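All remarks here apply to the structure that follows.
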Amino acid sequence: MKMIGRLILSAIFLILTALMVAAASWAPELVFSFYPEFSRGVLNAIASVTSLAPIALWEVLALLLILWFFYTFVRVFTQHRSILSWLAGVVLAVSVAVFLFVGLWGLNHFGPSIDETLGLDVREYSREELIAATKYYAAQANEYAPEVARRADGTAELAGFSALSTQAGEGYDALAKQNPAFSGGLGRVKSLASAKLFSYFGNTGIFVCFTAEACVNPDTYEAWIPFTMCHELAHRQAVAAEDEANFCAYLACMESSRADFLYSGAFAAYIYCSNALYKVDRSAADEIFYSLSAGVQADIHAANEHYAQYDGAVQEAAQKVNDAYLKAFNETSGVQSYGEAADLLIAWYLQKSES
């Protein structure tokens, strides 16, 4: 009977989850008239508690759950319990987790895009527009590169993780004065204890809605860290899509008064646009690359070398899992959506150039 009860509860939670997704798809005007604000409010309340801890609480909870999983699994055999009842319990736990994930934050994947919120004209761009935008962000990177400290080899030497983590919300505070879509809890960004594991998975950060923690892999290449912090904070503000979180991170970096964030944002924007241009016109992309200052070029080479050490089967497998997750939640491009920030960056550049 216990097994049947667990399966019935699992079905109820899965049906409720499906109904939430269906409502978001069929009546988006109604659902998203209140859901983003609700999501930000709940996350803000959770973050006000979890931010008191200096460590990423979700990592501790994840470890405890893994240990509990194996403990109960072993107990099935040592105490001669029903394996089917145990499996039903696992299914129930997963069903509740999916329900909470979608209800707290995941539904934002189906909401209005950031280009609609900000009035950007995202469309198919000409080669000339792509080149112009890439030149613009390259010039920004060149402008801010001399403002950050440099090592003897020319690579950026930014402030420590702890200092950056408390400064990451500054840009969003400024953006919130311009648009309420950027309001919300902006507690400090936390460092991941499992940094090397995330590096092998190819992940520079993660946002966990259950604890409302925006976390960054400290093993991320240094020039990317401020930008990545702003990316994860965008998720806490109910921006779910990866390309949109990247774009919001750029906007937040540009609103910061701190050189580390200004340079990181411009550096990332150039990389995204340059990668897009490289697919269309390699010679034009190379020409713009050689217009970069020695410092920016040094950071690009160093970043490539840093991430190359983690290439392999583990990262490929992890990327496939991430790809499946993104596609399941309405991001049809999967992991490629990270790079689609270029579309938003180009639209932003064109809007600014026309004003």
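The values are calculated or read from the model by the stated rules, or taken from the named source; none is laboratory data. This is a predicted model, so every value here is computed, not measured. Cβ atoms come from the backbone with ideal geometry, glycine included; neighbour counts cover every protein chain shown. Keep in mind that these areas ignore ligands, DNA and RNA; they rest on the heavy atoms of the full protein, side chains included. Shrake-Rupley method; radii C 1.70, N 1.55, O 1.52, S 1.80 Å.
Kindly indicate whether Asp299 is closer than 24 Å to Lys196 by Cβ, touching a strand residue (DSSP E or B) at 6+ places or on another chain (Cβ under 8 Å) and either at pLDDT 60 or above or not in a helix (DSSP H, G or I) (or both). Even if it seems obvious, please write down each step before you answer.
Details: closer than 24 Å to Lys196 by Cβ: yes; touching a strand residue (DSSP E or B) at 6+ places or on another chain (Cβ under 8 Å): yes; either at pLDDT 60 or above or not in a helix (DSSP H, G or I) (or both): yes.
Taking the combined requirement at face value, the residue satisfies it.
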Task: Members of the stretch 208-236 that are in contact with a strand residue (DSSP E or B) (Cβ under 6 Å, 6 or more places away or on another chain), in contact (Cβ under 8 Å) with a residue 60 or more places away in the chain and closer than 19 Å to Leu63 by Cβ - done: Glu213, Cys215
Open item on the list: Criterion first (touching a Leu at 6+ places or on another chain (Cβ under 6 Å), surrounded by 12 or more Cβ atoms within 10 Å (Cβ to Cβ) and at negative phi) does Ala11 satisfy it?
Closed with: no
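The rows are residues; the columns are (1) in contact (Cβ under 8 Å) with a residue 12 or more places away in the chain; (2) within 30 Å of Ser162 (Cα to Cα); (3) open to solvent by 40 Å² or more (accessible area, probe 1.4 Å).
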| site | (1), (2), (3) |
| --- | --- |
| Ser25 | yes, no, yes |
| Trp58 | yes, yes, yes |
| Leu63 | no, yes, yes |
| Arg75 | no, no, yes |
| Ser82 | yes, no, yes |
| Gly111 | yes, no, no |
TODO: Go through the stretch 193-210 and give me each residue that's open to solvent by 10 Å² or more (accessible area, probe 1.4 Å) and in a loop (DSSP other than H, G, I, E, B).
DONE: Ala193, Ser194, Gly202, Asn203, Thr204, Phe210
Open item on the list: Which numbered condition in (1) among the acidic types (Asp, Glu); (2) closer than 17 Å to Glu59 by Cβ; (3) touching a strand residue (DSSP E or B) at 6+ places or on another chain (Cβ under 8 Å) is the only one that Glu157 fails?
Closed with: (2)
Open item on the list: Any residue at all in the stretch 258-281 that's closer than 30 Å to His109 by Cβ, among the small types (Gly, Ala, Ser) and part of a loop (DSSP other than H, G, I, E, B)?
Closed with: no
TODO: Taking Leu326 as meeting all but one of (1) modelled with pLDDT under 90; (2) open to solvent by 30 Å² or more (accessible area, probe 1.4 Å), write down the number of the exception.
DONE: (2)
Task: Residue that is surrounded by the fewest Cβ atoms within 10 Å (Cβ to Cβ) [pool: residues in the stretch 122-161 that are closer than 18 Å to Asp219 by Cα and touching a residue at least 12 places away in the same chain (Cβ under 8 Å)] - done: Glu157
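Please go through the stretch 237-250 and pick out each residue that is in a helix (DSSP H, G or I), open to solvent by less than 10 Å² (accessible area, probe 1.4 Å) and in contact (Cβ under 8 Å) with a residue 24 or more places away in the chain. Before the answer, list the steps.
Within the stretch 237-250, the first condition is being in a helix (DSSP H, G or I), and the residues that meet it are 242-250.
Remaining after also requiring open to solvent by less than 10 Å² (accessible area, probe 1.4 Å): 245-250.
Result: Asn246, Phe247, Cys248, Tyr250.
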TODO: Find all pairs meeting these conditions: Cβ atoms under 7 angstrom apart; at least six residues apart or on different chains; first residue within the stretch 186-207 and in contact (Cβ under 8 Å) with a residue 24 or more places away in the chain and more than 19 Å from Ala303 (Cα to Cα); second residue β-branched (Val, Ile, Thr) and open to solvent by less than 50 Å² (accessible area, probe 1.4 Å).
DONE: Val189/Val216; Ser191/Val216; Leu192/Val216
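In this structure, is Cys248 among the hydrophobic types (A, V, I, L, M, F, W, C), under 11 Å from the mean Cα position of the chain (by Cα) and modelled with pLDDT of 95 or more?
Numbers: among the hydrophobic types (A, V, I, L, M, F, W, C): yes; under 11 Å from the mean Cα position of the chain (by Cα): yes; modelled with pLDDT of 95 or more: yes.
The answer is yes for Cys248.
Look at the stretch 282-296 and say how many of its residues are part of a helix (DSSP H, G or I) and of a type outside the set (Val, Ile, Thr).
Within the stretch 282-296, the first condition is being part of a helix (DSSP H, G or I), and the residues that meet it are 282-289, 294-296.
From what is left, the residues that are of a type outside the set (Val, Ile, Thr) are 282-287, 289, 294-295.
So the answer is 9.
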Task: Boolean, Thr228 is among the polar types (S, T, N, Q), modelled with pLDDT of 95 or more and within 28 Å of Tyr144 (Cα to Cα) - done: yes
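From the list Ala163, Ala132, Ala174, exactly one residue is under 24 Å from Ala347 (Cβ atoms), assigned to a helix (DSSP H, G or I) and within 23 Å of the chain's Cα centre (by Cα). Which is it?
Numbers: Ala163 fails: under 24 Å from Ala347 (Cβ atoms); Ala132 fails: within 23 Å of the chain's Cα centre (by Cα).
Result of the check over Ala163, Ala132, Ala174: Ala174.
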Task: Those residues of the stretch 285-310 which are under 19 Å from Arg127 (Cα atoms) and either open to solvent by less than 20 Å² (accessible area, probe 1.4 Å) or in contact (Cβ under 8 Å) with a residue 12 or more places away in the chain (or both), in sequence order - done: Ala285, Ile288, Phe289, Ser291
